[in-house]
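Some notes on the structure that comes next.
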Amino acid sequence: MKKIIYFILIVEISSCTLKENNIKRFDIAAFKKHKQFTMDDTLISMSVHDKFYLEEKRALKDSMVVVRNTYLKYDRTLFGSMKVIYNKAAPIYLDVMKNYDSNGNLIKQHDFDKGFEYSIVDLIKKVKSDCNMQIDTMRKTYYINRDNKNKLYLVKYTITMNDGSYYPYEIIFDGTT
């Protein structure tokens, strides 16, 4: 009987240890050392707010897509994760936002592309292949947005001519076909 109890106790302790190892925590040492740094061709920015730490990662290859991770301040555990494009007017959230409890378990998901036949990431690829334009870079003035009510995507950009004049363009994509 004692062997069974010890076995169960060891299994329970091991599972707690495994769960603890799966919890993603904010790197406070890196934050104290650097607020912004590069690692593996990625720009990492860290900041502190009232109740959470924020970590943002963006590929150095001029990408507009930022991975945002929020960590609870009191125990530094990952609370939320999402991808975002920062436009001039407002951020555009990509794919699925995920929220976690303090044990690292997924507790909530929100799919920003729900109701659309394709995602903004798919739109970026389509515009690149069909129009030979890379709209997910910061080299030009691009604006990407989604109209959830009408299931449309709007892409705005500006072309600057050799004489310094510029022309704004808009492309509207049906998000359901």
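The values are calculated or read from the model by the stated rules, or taken from the named source; none is laboratory data. Given the structure is predicted, the values throughout are model-derived calculations rather than measurements. Virtual Cβ from ideal backbone geometry, glycine too; neighbours counted across all protein chains shown.
Regarding region 161-168, can at least one residue be identified that is on the phi < 0 side of the Ramachandran plot, part of a strand (DSSP E or B), modelled with pLDDT under 85 and surrounded by 15 or more Cβ atoms within 10 Å (Cβ to Cβ)?
For region 161-168, residues on the phi < 0 side of the Ramachandran plot, part of a strand (DSSP E or B), modelled with pLDDT under 85 and surrounded by 15 or more Cβ atoms within 10 Å (Cβ to Cβ): absent.
For (1) touching a Ser or Thr at 6+ places or on another chain (Cβ under 7 Å); (2) of a type in the set (Asp, Glu); (3) more than 19 Å from LEU43 (Cα to Cα), each residue gets a yes or a no:
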| position | (1), (2), (3) |
| --- | --- |
| LYS61 | no, no, no |
| TYR86 | no, no, no |
| ASP95 | yes, yes, yes |
| LYS98 | yes, no, yes |
